[in-house]
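Before any comments, here is the structure.
Just so it is clear, none of the values below were taken in a lab; they were calculated from the coordinates. Only a predicted model underlies this, so the values are computations on that prediction, with no experimental measurement involved. Backbone-built Cβ (ideal geometry, glycine too); neighbour counts: all protein chains shown.
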Amino acid sequence: MKLNLGRLFLILFILYASQVFAQDYRWSASVNKTKAFVNEAIYLKYVCEFSDEGNLYTIGFNPLKKRDKYELVLLKETQKVINFKRINIFEYVAFVKEEGVVNFNFDIVMKKTTIDSINDLSGGLDNDKANEGFTSEFLKQKTLSVDVKNNIPLVGSFSVELKEDDIEKKAYEPYHLEISIKGIGNLKDIKEFEFDIQDVKVFSQKPILKSVITKDGYSGTWSQKFAFIGKKDFMIPIVKVDYLNLLTKEKGELSSKEINVKVTKVYEKEKLLDKKSEVFKFSYEFIYYILTFIVGFILSKIKFKDKKNKDKKILEFEEKVKKVKSLEELQIMLIMHNLSSHKELIDKIQNNEITSLTKAKKILL
């Protein structure tokens with residue numbers, strides 16, 4: 001009988017101890033929706049509430065590993081103490097990539113420092129022995145399920161804006177255009193635009209995303225800049241992007257407008273001058289080149305002040321020019337920066353009057 005009472009006491013003690021251990025903290029989990037569309041933002045919240053300040057506990061919770069079905073982004077992680085009780089809050093935003101039911105079920109490790117471990121550390125023992133004073137409890141978060149339906153790749157609330165240039169241009173003068181999409185949703189999944197216009201050279205920058213993550217997705221602006229160069233009138237077609245409007249739950253369309261650029265023809269000098277005027281002009285040009293050579297020779301003998309006296313922007317521009325590796329890259333840089341002061345150089349590169357990168361760099365530097 002004594003043996004049975006002893007066993008009963010031991011069982012009751014173990015149950016009581018485990019209950020006390022479990023009461024040290026309590027986890028809860030929630031999701032803001034049970035149904036969603038592919039690429040729609042899903043907000044997940046995990047909260048750990050301690051029975052006291054929880055100084056002995058370290059939380060091991062990191063679900064941000066790469067997954068095939070969805071992308072998980074950390075929104076915010078906070079820790080606070082209210083009424084002498086510690087609270088840890090983990091907030092995430094998930095973007096599911098495919099249709100079906102998705103279960104969010106993550107692992108946790110609760111590591112507790114024992115009193116013996118604290119004494120060992122204060123006594124100066126090495127780390128290996130000190131680590132023996134930790135107890136770890138492995139848990140699983142509450143499973144959160146969301147039924148995801150397939151729809152349009154772009155989901156959210158958006159608007160499109162155009163930053164347009166003057167539609168009247170001279171031949172080979174660049175027409176600049178910037179397309180901006182503003183709003184909230186999966187902005188970063190917007191694909192870059194491409195234009196194919198006959199007899200028009202199109203230069204484009206990589207899209208730029210300026211955004212912050214929120215419960216409803218990425219909030220901000222996606223933009224892409226273009227430069228169009230033609231020798232005659234041309235038309236820039238309408239850009240269209242389909243998206244799912246979460247406010248109306250209906251398909252929407254982001255569209256620009258058709259832009260007709262008027263190009264003024266540039267006549268070649270040879271066609272405007274007769275032979276006599278060409279000979280007359282040549283004689284003056286010959287003198288001009290001689291004088292230029294003499295002046296250049298004199299200037300080469302003069303030592304100028306160091307680069308330190310140059311404007312900072314000029315120095316930055318020169319550094320960019322030095323790093324350029326091709327004429328096309330140099331041309332794009334000048335066009336995209338809208339450097340009208342170098343229009344003549346751009347025209348010469350376009351007309352193949354300058355085919356040497358070294359020669360072009362010398363003009364700029």
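At 0.36 nm per residue, minus the direct Cα-Cα distance, what do Val321 and Asn260 gain on full extension? Give it in nm, one decimal, please. Could you put the intermediate results ahead of the total?
Details: separation 61, 0.36 × 61 = 21.96 nm, distance 3.26 nm.
Gain on stretching Val321 to Asn260: 18.7 nm.
Report the GluC sites (Glu not before Pro) located in the range 33-65 that are in a DSSP loop and have at most 16 other Cβ atoms inside 10 Å of their Cβ, or state none. Mind dumping the intermediate values first?
Details: sites: Glu40, Glu49, Glu53; in loops: Glu40, Glu53.
Passing sites in the range 33-65 are Glu53.
Given all pairs of different Cα atoms, what value in angstroms does the Kirkwood hydrodynamic radius of the range 155-264 take?
Numbers: mean 1/r = 0.0667 Å⁻¹.
Final number for the Kirkwood radius of the range 155-264 is 15.0 Å.
Looking at this model, which pairs from Lys182/Lys312; Lys33/Lys69; Lys97/Lys215; Lys80/Lys188; Lys163/Lys322 are more than 26 angstrom apart at the alpha-carbon? List each step's numbers first, then the result.
Values: Lys182/Lys312 33 Å; Lys33/Lys69 17 Å; Lys97/Lys215 17 Å; Lys80/Lys188 32 Å; Lys163/Lys322 30 Å.
The pairs that break the limit, which is 26 Å between Cα atoms, are Lys182/Lys312; Lys80/Lys188; Lys163/Lys322.
Beta carbons within 10 angstrom, averaged per residue: use that to sort the peptides 345-353, 175-183, highest first. Before the final figure, lay out the partial values.
Values: 345-353: 15.8, 175-183: 19.7.
Ranking the peptides 345-353, 175-183 by packing returns 175-183, 345-353.
How high is the relative contact order of the range 155-264, in percent, with contacts defined as C-alpha pairs under 8 Å that are six or more residues apart? Mind showing how you got there, number by number?
Working: 258 pairs, mean separation 36.1, N = 110.
RCO, the range 155-264: 33 percent.
Restricting to DSSP loop positions (anything but H, G, I, E, B) with no more than 12 other Cβ atoms inside 10 Å of their own Cβ, which trypsin sites (Lys or Arg not before Pro) remain in the range 318-347? Let's see the in-between values first.
Working: sites: Lys320, Lys322, Lys323, Lys325, Lys343; in loops: Lys325.
Passing sites in the range 318-347 are Lys325.
Subtract the Cα-Cα distance of Ser180 and Lys140 from 0.36 nm times their separation in residues, and report this length gain in nm to one decimal. Don't skip to the end; give the middle numbers.
Values: separation 40, 0.36 × 40 = 14.40 nm, distance 4.30 nm.
Using 0.36 nm per residue and subtracting the Cα-Cα distance, I get 10.1 nm.
Taking 22 Å as R0, compute the FRET efficiency from the Cβ-Cβ separation of Glu164 and Asp196 and round it to 0.05. Walk me through the intermediate numbers first.
Details: r = 20 Å, r/R0 = 0.91.
Efficiency computed from Cβ-Cβ geometry: 0.65.
Grab the beta carbon distance between Asp52 and Val212, set R0 = 30 Å, and tell me the FRET efficiency rounded to 0.05.
On the way: r = 35 Å, r/R0 = 1.17.
The calculated FRET efficiency here is 0.30.
Can you list residues whose amide H is under 5 Å from Leu75's amide H, if they're 5+ apart or on another chain and H is modeled 1.01 Å from N?
When sequence neighbours closer than 5 places are left aside, the close amide H contacts are Glu91, Tyr92, Val93.
Determine, for Lys149, Lys188, Lys169, Lys249, the number of other Cβ atoms within 10 Å of each Cβ, and report the residues in order from fewest to most.
Values: Lys149 12, Lys188 15, Lys169 20, Lys249 9.
Listing Lys149, Lys188, Lys169, Lys249 from fewest to most nearby Cβ atoms yields Lys249, Lys149, Lys188, Lys169.
Ordered by residue, what ³J(HN,Hα) values in Hz, to whole numbers, does the range 44-55 give under the Karplus form 6.51 cos²θ - 1.76 cosθ + 1.60, where θ = phi - 60° and Gly and Pro are x?
In residue order, the calculated couplings are 10, 9, 10, 10, 10, 10, 9, 7, 9, 6, x, 5 Hz.
Say R0 is 51 Å: what FRET efficiency, to the nearest 0.05, do Asp107 and Lys361 get from their beta-carbon distance?
Details: r = 58 Å, r/R0 = 1.13.
After rounding, the FRET efficiency stands at 0.35.
Using label points projected 7 Å from each Cα along Cα→Cβ, tell me how many nm separate Glu329 and Lys35, to one decimal.
5.3
Can you list the residues, at least 5 places off or on another chain, whose amide H is less than 5 Å from the amide H of Val155, using H built in the peptide plane?
Result for Val155 returns Asn186, Leu244.
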